[in-house]
């Protein structure tokens, strides 16, 4: 049953620090979760410029916030301002969630965890299996690191030659030192390697922005012939709800999932870190889909 809790002198705060910040649906998601769980807390978005990040992080301590979510452009720059990092945050090299543990600020990254949890909706077990991911940016890196930590055997990473490609070369070395996962970095123009990777994989993940905005209707980095019924397809884009990649995958009978599950589950992991309680995921999802 929904519990209405009025703001009082006991009400605690969680912040969302980003620039821009006003577009985020995280305040809606977490405030619904706080209300439904009967937790006396509120979640607010703050547009924080890079030059104000240090004082904003200090405010988590001085104002005794429960914690904060961190988004672009602060996910890497915040690392040096924290007291401790989770293993996931260390490996990914970015933080999206801060927990205030009696003044000690602990950085976590729930993006990869959220994605891996969302795979339960596909009833897909990737442990000791092979997967392929499109893209090598921040979202891709979080998913790759968490998949490796969670026991995925082989990860194929398809990317155009870019700054992200070069960074991924170094990140792969670090991941392979710390996990038993094997990683293959494939250039976007190596079509035969891409086709072979898709044929071997149980899951294809689009972690690029191809399929949304001005790139809506386009297919990222693969040929339609690379899709097959045994290759589940996940797109981290959630607006539109069905990208062209997902539409084409459904046509051949493949399991598909958009990015709403990742968004909700990464929020659920953060919610648990802050409150030690599970997020009411189904209620939150229903509210977000209205």
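Laboratory data are not the source of any read-out in this text; all were calculated from the coordinates shown. Keep in mind the model is a prediction, meaning the values are calculated, not measured. Cβ: placed from backbone, ideal geometry, glycine included. Neighbour counts: every protein chain shown.
Per DSSP helix of 4 or more residues, -39500 (n - 2.57); summed, then divided by the residues of the chain. What does that give at 222 nm, rounded to the nearest 500?
Values: 10 runs with 106 residues, N = 290.
It lands at -11000 deg cm²/dmol.
Which residue, 185, 224, 134, has the most motion in a Gaussian network model of the chain that connects Cα atoms within less than 10 Å?
224
Among rounded, prolate and oblate, which fits the range 63-171 when a ≥ b ≥ c are the square roots of the eigenvalues of its C-alpha gyration tensor, a/c under 1.5 means rounded, and a/b larger than b/c means prolate? All intermediate terms of the calculation are to be shown ahead of the outcome.
On the way: a/c = 2.45, a/b = 1.51, b/c = 1.62.
It is oblate, given that a/c is not under 1.5 and a/b is not larger than b/c.
Kindly identify the range 1-145 as rounded, prolate or oblate by the Cα gyration tensor criterion: order the square roots of the eigenvalues as a ≥ b ≥ c, call it rounded if a/c is under 1.5, otherwise compare a/b with b/c, prolate if a/b is larger, else oblate.
On the way: a/c = 1.99, a/b = 1.31, b/c = 1.52.
It comes out oblate by the Cα gyration axes.
Can you tell me the orientation of helix 53-62 relative to the chain, as the angle in degrees between its alpha-carbon axis and the longest Cα principal axis, to the nearest 10?
50
If the elastic network links every pair of Cα atoms under 10 Å, which of 26, 192, 201 fluctuates the most in the Gaussian network model of the chain?
Comparing 26, 192, 201 in the GNM, the peak value goes to 192.
I'd like the distance separating the alpha-carbon centroids of the range 223-264 and the range 120-197, in whole Å.
18
Taking the Cα atoms only, what angle lies between the long axis of helix 26-37 and the longest principal axis of the chain, rounded to 10 degrees?
In the chain, helix 26-37 runs at an angle near 60 degrees to the longest axis.
Enter the angle in degrees (range 0 to 90, nearest 10) between the Cα long axis of helix 191-200 and the first principal axis of the Cα atoms of the chain, meaning the one along which they spread out most.
It is inclined by approximately 70 degrees.
Once you order the gyration tensor axes a ≥ b ≥ c over the Cα atoms, which shape class does the range 233-290 get: rounded for a/c under 1.5, otherwise prolate or oblate by comparing a/b with b/c? Show your work: numbers first, answer last.
Numbers: a/c = 3.01, a/b = 2.43, b/c = 1.24.
Prolate, since a/c reaches 1.5 and a/b exceeds b/c.
Quick one: which of 161-172, 80-91 comes out on top by average Cβ neighbours within 10 Å, and what's the full order, highest first? The partial results should precede the final answer.
Working: 161-172: 14.4, 80-91: 17.3.
Packing proxy ranking, top to bottom: 80-91, 161-172.
Rank 227, 215, 13 by mean-square fluctuation in a GNM of the chain with C-alpha springs under 10 angstrom and give only the top-ranked residue.
Evaluated over the chain, the most mobile residue of the options is 215.
Quick one: length gained pulling residue 182 to residue 8 fully straight, 0.36 nm per residue minus the C-alpha distance?
Numbers: separation 174, 0.36 × 174 = 62.64 nm, distance 5.20 nm.
So the chain would gain 57.4 nm between residue 182 and residue 8.
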